Amino acid sequence: MNLPQASQKARTRNGFTLPELLLVIVISTVIFAFAVPVGLNFYRHQLVDDTSRMLVESLRRAHSSAISGKADSAFGVRVFSASNTFVLFQGESYAGRNTTEDEVIDFPSSISITGSSTEVVFSKIYGTSTVNETWSVSFDSITSNISINSQGLVELE
């Protein structure tokens, strides 16, 4: 009559106990607590990098268009922090530009772009710029700098 004992042993517990379930929850919470700040920091860095690269690309395109004599005109870039855009334009200034040639580029509202001026114009043929400064692209404490010199050289620092 050992048969009932064998069936009792075969019916051992299935599933998890409460301590096992609590241990899994605690481990998951600890992993989540460390992963979220790292992920958010990576996201912030990525936004700053992407915006910096888009701005540098626009500045270099303006410089290249001015040097090549495209449309026999100067080209420039103007930053509008309030509307989170920058504009690549054709003309001696943003106010006197050819509006049909504007290229408007949006950037995230969490990003700020600062500098002593908001506009850079590259002269036709020579490509010299109207400014000699550094623009900062920032998100909280994460910052990337873009330097523009009077010779028209644009560098991402």
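Key figures for this structure:
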{"item": "Globularity ratio of the stretch 19-156, using Cα Rg and 2.2 N^0.38 Å", "result": "1.42"}
{"item": "Stretch gain in nm, segment T85-L156, where the contour uses 0.36 nm per residue and the Cα spacing is subtracted", "result": "23.7 nm"}
{"item": "Helical contribution to [θ] at 222 nm, DSSP H n ≥ 4, -39,500 (n - 2.57), averaged over the chain, rounded to 500", "result": "-13500 deg cm²/dmol"}
{"item": "Whole-Å distance, taken between Cα centres, linking the stretch 108-132 and the stretch 43-69", "result": "10"}
{"item": "Cut-off of 10 Å, at most 12 other beta carbons, DSSP loop: longest stretch of the chain lacking such chymotrypsin sites (Phe, Trp or Tyr not before Pro)", "result": "17-125"}
{"item": "Added length on full extension, which subtracts the Cα-Cα distance from 0.36 nm per residue, N41 to R53", "result": "2.5 nm"}
{"item": "Under the Karplus curve 6.51 cos²θ - 1.76 cosθ + 1.60, θ = phi - 60°, whole-Hz ³J(HN,Hα) for the stretch 105-120, x wherever Gly or Pro sits", "result": "10, 8, 9, x, 5, 6, 8, 10, 10, 10, x, 6, 10, 10, 9, 10"}
{"item": "Relative contact order (%) - the stretch 19-156, alpha-carbon pairs under 8 angstrom, separation at least six", "result": "23"}
{"item": "Near-label residues of the stretch 115-157 by backbone N, under 15 Å of a point 7 Å along Cα→Cβ of E92", "result": "121-125, 130"}
{"item": "Neighbour count of at most 14 Cβ within 10 Å plus DSSP loop: longest trypsin sites (Lys or Arg not before Pro)-free window in the chain", "result": "14-157"}
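Each value in this text was obtained by applying a stated rule to the coordinates, not by laboratory testing. Quantities reported herein were computed from a predicted structural model and do not represent experimental measurements. Glycine gets a Cβ as well: all are built from the backbone with ideal geometry, and neighbour counts include every protein chain shown.
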